[in-house]
Structure formats: structure tokens, C-alpha cells
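I have placed the structure first, in the form of C-alpha cells, so that the comments after it can refer back to it.
The values are calculated or read from the model by the stated rules, or taken from the named source; none is laboratory data. Computed from a prediction, not measured in an experiment: that's the story for all the values here. Cβ sites come from the backbone with ideal geometry, for glycine too, and all protein chains shown count toward neighbours.
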Amino acid sequence: MKSLQREYPKAEKIFELLSKKDAIAIFVEASKGFAAKIDSNEKIGMSRKQYYVRLAQLVDAGLIEKSKEVYEQTAFGKAVYNKHFLGMKALVRDVRKYQMEDVLRKSNKFNKSDIDEVFSGTKEN
């Protein structure tokens, strides 16, 4: 685990940050852009302290930025959102396909190449 910290400290920081529900809520809102208003925390459903702590962490991580009184995802933030959030959404939507593949592989009734062929069109590259 320590090698991850040495080799990918920024990745570890981002994964840790985005494992928090309140950070995810702000990050997702920033995908659409949201006004930097005094009551923004209430619209997202969190305390002011919680909101401003997570907001600062997301800005420090380079995931969102404030421009013209609107918080939006940075180019890096958009890449993380598209690849990981939308990618995860698609994977979760198709979880039953992955479960079926696991059952087939464990059954030993079919060879690996046949299973790979059947499921090749259902996987993200």
C-alpha cells in the first residue's frame, strides 16, 4: 500500500476525497456548474462547514474551479468525471452481465475463448 502512496500520491488523494458522499455531491453539481452563493450548501444538502471544507479540497485537488462566480469542473475534473463516474455508472448498470460471466467461468462447462467471445461486446475498453 505504501508504494501507491509513493508512486501515485495525487491519485490516492483524489480517490480518498471522492470516496466521501459530500465531495461527490459537490463534484457532480460542478459538472453542470453551480453559482457560488451563500446558500449553495443548503441546495446540496450539507452544513456550511462541511460544504466549504469539501469545496476547498476539490479546488486544491484541481477538480473544480471558480470562474465568474460559478463553480465548474476543470478540464482534469471533467476527465475524471467522464472516465470514472460515468464509466462506473455504465459498469454498475451492466453488473448482472459480469455476474453471469463469473458464473460461467466457475462452472467449467465452457472454455475461456467461448466465454470471452460471448462477453467481448459488453465490456468497456
Residues located in the range 29-44, provided they are part of a loop (DSSP other than H, G, I, E, B) and either of a type in the set (A, V, I, L, M) or at pLDDT 85 or above (or both): G33, A36, I38
Among the residues of the range 12-42, which ones are touching a helix residue (DSSP H, G or I) at 6+ places or on another chain (Cβ under 8 Å), surrounded by fewer than 17 Cβ atoms within 10 Å (Cβ to Cβ) and over 14 Å from E72 (Cα atoms)? E12, K20
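Please pick out the residue among G62, G77 that is closer than 18 Å to K13 by Cβ, at pLDDT 90 or above and either more than 14 Å from the chain's Cα centre (by Cα) or part of a loop (DSSP other than H, G, I, E, B) (or both). Talk me through it step by step, then tell me what you get.
Details: G77 fails: either more than 14 Å from the chain's Cα centre (by Cα) or part of a loop (DSSP other than H, G, I, E, B) (or both).
Going through G62, G77 in turn, the sole match is G62.
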Any residue in the range 52-69 that is more than 30 Å from E117 (Cβ to Cβ), polar (S, T, N, Q), out of contact with any strand residue (DSSP E or B) (no Cβ under 8 Å at 6 or more places or on another chain) and without any contact (Cβ under 8 Å) to a residue 60 or more places away in the chain? yes
So is Y71 part of a helix (DSSP H, G or I), closer than 24 Å to K10 by Cα and at pLDDT 90 or above or not? no
